[in-house]
Amino acid sequence: MQILSIHLKNIKSHRDTELTFSTGINVLSGPNGVGKSTIFEAIGYALFGVDAQSFVGNVDRFVTIGEKRGEITVVFQLTDDECYRVSRTVGTPSKWLLAKEVGGYFEVEEHKDSKETEARLKELLGLKSGRSLAEQFELVIGPFQNEFLGPFVIKQPARRRDKFDEILGIDTWRKTYNETKILASAIKAKVDALESAIEPLKDQVAELPTKKDEHKIARQNLEETEAELKVQQQKLKELETLLFDINKREQDYKALEVEIGTLKARIDNGKEKISNQKLLVSEADQAYKVTLETAFGKTAFEQAEARLIALHEQVKIQRQLEQEIAGLNNQVGRLGERFKVESQAIEKAREEIAAEEQTLVESRKALDIDEKQQELAGRLPKIRSAIDRVRKQLGELEGRRAGLEEGSEKLAEGICPFFQEPCLNIAEKPPGDVFSTKFSALDKERQHQTSGLEKLEKEEMAASHANDQLKEVAVKLKGLDVQVEKLSQRRIANEVKAESLVVLQKEEASVQQQFTDKQKVLATYSRLQADIEGADKDKTKYQKERDLYVANQKQATELAQRRADLENFEKLFKQLQDELIVKNEAYSKAANEYSAAEHETLRKQKDELGLAMGASGEKVKGLTADVARLATEIDKLKQIEKDIAAKQNQVKSYKEKDELIKFLRNRVFRNVSAYLSERFREEISQRANRIYRIIAEVDEELAWGDDYRIVLRDMVDGELRERVDDQLSGGQIMSAVVALRLAMLQTINARIAFFDEPTSNLDASRRENLAHAFRAIDVGKEEVTEHWYDQLFLISHDVAFTEVTDQILTLG
């Protein structure tokens, strides 16, 4: 078995680290704090299922700071070249997945839970002992750095023995011995409880024979009563047959009596209906005669009524025409008035527009400006340019005068203003005469320029005023142009209105024509009222005859039906009379066959028999309940008998178990733990002694003594010397522990192992020897031990391993 690689994602200091391992010895090297031990912890977490809290107090500390989840992936290969990948996440929820390589891809195996995943890994790793993978890793395969020496240096023998029994997996026998004592006490308590429960049950079972006798008597009484009840039921059945026959004869007799009464009532009713129907036929015949006499008057009335309806419709049309004529007349008046008003408004608007145009012409004339003002305003830019030029010249004159004044002051002192030294040119002639002439010329020029500037400023003021007037006039002219444009638009709109008057005139003429046409149509309805009055007279004349016709019409139409109904009534009456004769004959026969006295006798016999049966039935119910009650009580007592037998069997079984437990505790469990410990220590001591001799290079024998004490034996002055615990140096203890751990790994058949700083406390010679011992094991030298592991992982800073290792991985 070989671990091929590991990948850590967000695990402690490893944000994204991937390492590849070789067969044989792999050494992890690097400065402290780079995460060498974390690699071992990660393998234990992912491949062996060790809880993260075994490495850190809080699971969150196993994840890189700032991250919420981490993941570890380990790829390993078995001896048959089968490759697997196991991955496990850190965080909630945690996933532990095992995948097998198939065709270059890893396919995840389906496991229902983590226990099934662990069982599969134990099978693949060949570690099928009763201990979990996590315990085997923590105790033997890859103990933590602080646990490497731990169990070997425990001072108390009992604690040291318990710890190594746990590591070797033989502590179960000692625990079983202690726990079976509690089991024996529990069995004795169970036996006592069962025996105490059996005695009261025996007292209850003593009543069973008495209950059986009572049950037998009750069953005999029940059978006799049921036989008597059966005879009574047979007699009742015979009586019910006789009663059924006589009841039927009684029903037939009474039914005929009812039918005869019904027929008589129907015959009497038929007589009355025939009399009434004859009266109805006479009335219908009389009504028919009246309708014949009034038929002409009824027709004349209907014609007059139809004529009136038509005339009233014409009245509606006449009124509609009158309303339309009135509306047209009003419309003609409104259109004429509108034409007049709009014509006057258009003419008035023309006059107003002409007056406003004249006013605008006069306003434009009033705004005319003379040519001198326009010319003056046009010169304004030139005047302002001249003013700026004169002011500039005055400024230059001021500068020249200031320079002359400064030079005059310097020359008055006899100093040249340029070379700052006495001036020879003015030694004979005073400097005042030179500058007075120049000052005078400058003053005249300045006065001339100032006079010109004042004149120009006056012209600028006049030109500016003229320019303002021109701007004001331009604004007013623009306003006049706007008013002219508005007047033009008003004139156009007014003319459009004038043109629309033609349409209005046409509309007025059209309405006038409609008014004339409607008046002509209305004239055709002048005789309408006279026609209505004539139709009213005809209607009144034939009103009486029409009413008589209507009053008798319904009866007249029913004459034929009434005659047919009378004929049917008479036929039915004859049928009822014949049926009554037949029913009377059947009634006489039924009266002879039915006997009321016999009927009453049978009823009394049935009632008496029913009472007797009721008493028998109640007796049967009571006896049945007694039998069932006694049967239930007997069953309960029989069950109690079975319970007693079962409890007695339990007592017997528990006593046998108690004897077996005493035998196992005294003969087996008490001695087997010590026996196995001795066997393991012997086997491990032999392997460890060979490894220790290579590491230490001394003529000493390493043995694992009682209570797992490290014992070194050698010869001093011809005598055997044994040294233990405190008598050994730190290097001797470390060498012995390494040898013992290697031997223990071989004993549990572990194919890989992890050692975190195994050379601590060893001198240089022992460190080098330890490295060669690892290599000797790797190549399978017989004088050390057979080659039992596939890979060995070491964390070390020791250069002694550089020569014997197969791969050094330096972390930085």
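The table below lists the values:
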{"item": "Value in Å of the Kirkwood radius, where the stretch 3-46 supplies the Cα pairs that are averaged", "result": "11.1"}
{"item": "Too-long pairs where the Cα-Cα distance tops 27 Å, listed order kept, from K9/K115; K175/K662; K202/K652; K115/K155", "result": "K115/K155"}
{"item": "Rel. contact order, % - alpha carbon contacts under 8 angstrom, at least six apart, the chain", "result": "26"}
{"item": "Length gained when the stretch Q204-F244 is fully extended (0.36 nm per residue, less Cα-Cα span)", "result": "8.7 nm"}
{"item": "Across K100/K128; K216/K642; K298/K554, pairs whose alpha-carbon gap is larger than 18 Å", "result": "K100/K128; K216/K642"}
{"item": "Selected from V361, S196, T17, residue furthest toward positive end of dipole (the chain; charges at beta carbon)", "result": "V361"}
{"item": "Theoretical FRET efficiency, 1/(1+(r/R0)^6), r = Cβ-Cβ of E293 and K316, R0 45 Å, to 0.05", "result": "0.75"}
{"item": "Area of D706 that stays accessible when all protein chains are in place (1.4 Å probe, Å², to 10)", "result": "110"}
{"item": "Segment E618-K589, length gained on full extension (0.36 nm per residue, minus Cα span)", "result": "5.9 nm"}
{"item": "Carbon and sulfur %, accessible surface of the chain computed with the full protein complex present, 1.4 Å", "result": "51"}
{"item": "The stretch 150-205: equivalent-ellipsoid semi-axes (sqrt of 5 x gyration tensor eigenvalues, Cα, Å)", "result": "46, 9, 5"}
{"item": "Estimated D of the stretch 565-711 in µm² per second, where Rh is the Kirkwood radius over Cα pairs and Stokes-Einstein applies at 25 °C, 0.890 mPa s", "result": "86"}
{"item": "Residue-averaged [θ]222 nm for the chain, counting only DSSP H segments that reach four residues, each worth -39500 (n - 2.57)", "result": "-25000 deg cm²/dmol"}
{"item": "Candidate lysines for bridging to K12, where Cα separation is under 25 Å - those fewer than 8 sequence places away on the same chain excluded", "result": "K36, K68, K95"}
{"item": "At R0 = 22 Å, FRET efficiency that the Cβ-Cβ distance of E109 and A134 yields, to 0.05", "result": "0.65"}
{"item": "Space enclosed by the convex hull of the alpha-carbon atoms of the stretch 183-261, per residue, Å³", "result": "196"}
{"item": "At 0.890 mPa s and 25 °C, Stokes diffusion of the stretch 259-355 via Kirkwood alpha-carbon radius, µm² per second", "result": "110"}
{"item": "Partner lysines for K340 [C-alpha distance under 22 Å; skip if fewer than 8 residues away on the same chain]", "result": "K348, K497, K506"}
{"item": "Selected from A590, S500, Y288, residue furthest toward positive end of dipole (the chain; charges at beta carbon)", "result": "Y288"}
{"item": "Dipole moment magnitude, nearest 20 debye, the stretch 569-651 about Cα centre, only Lys, Arg, Asp, Glu C-beta charged", "result": "420"}
{"item": "Probe 1.4 Å, accessible area per residue of the stretch 445-573, Å²", "result": "72"}
{"item": "Kirkwood-type radius of the stretch 468-590, with distances r between different C-alpha atoms, in Å", "result": "26.8"}
{"item": "Net charge dipole size for the chain [Lys, Arg +1 and Asp, Glu -1 on Cβ; Debye, nearest 20]", "result": "2120"}
{"item": "From the C-alpha gyration tensor of the stretch 564-641, square roots of 5λ in Å", "result": "68, 21, 7"}
{"item": "Extension reserve of the E600-K211 stretch, reckoned as 0.36 nm per residue once the Cα distance is removed", "result": "135.1 nm"}
{"item": "Charged-residue dipole, Cβ positions (Lys, Arg, Asp, Glu), the stretch 516-608 about Cα centre, Debye nearest 20", "result": "800"}
{"item": "Which labelled figure in [x] 0.98; [y] 2.59; [z] 1.53 is Cα Rg over 2.2 N^0.38 Å, once derived from the coordinates", "result": "[y]"}
{"item": "Rounded accessible area per residue of the stretch 196-253, 1.4 Å, Å²", "result": "73"}
{"item": "Spin-label pair E570/K647, simplified geometry with 7 Å Cα→Cβ offset, distance in nm", "result": "10.7"}
{"item": "P(r) of the stretch 104-222 over all Cα-Cα pairs, binned every 5 Å from zero, in whole percent", "result": "2, 8, 9, 9, 9, 8, 7, 7, 6, 5, 5, 5, 5, 5, 4, 3, 2, 1, 0"}
{"item": "At R0 = 30 Å, FRET efficiency that the Cβ-Cβ distance of E195 and Q156 yields, to 0.05", "result": "0.10"}
{"item": "Positive-end residue, the chain charge dipole about Cα centroid, Cβ charges, pick of S436, N32, S510", "result": "S510"}
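The values are calculated or read from the model by the stated rules, or taken from the named source; none is laboratory data. The model shown is predicted, which means the values in this text are computed figures rather than measured ones. Here Cβ is always computed from backbone atoms with ideal geometry, including for glycine, and neighbour counts include all displayed protein chains. SASA here: full protein model, heavy atoms, side chains in, ligands and nucleic acids out. Shrake-Rupley method; radii C 1.70, N 1.55, O 1.52, S 1.80 Å.
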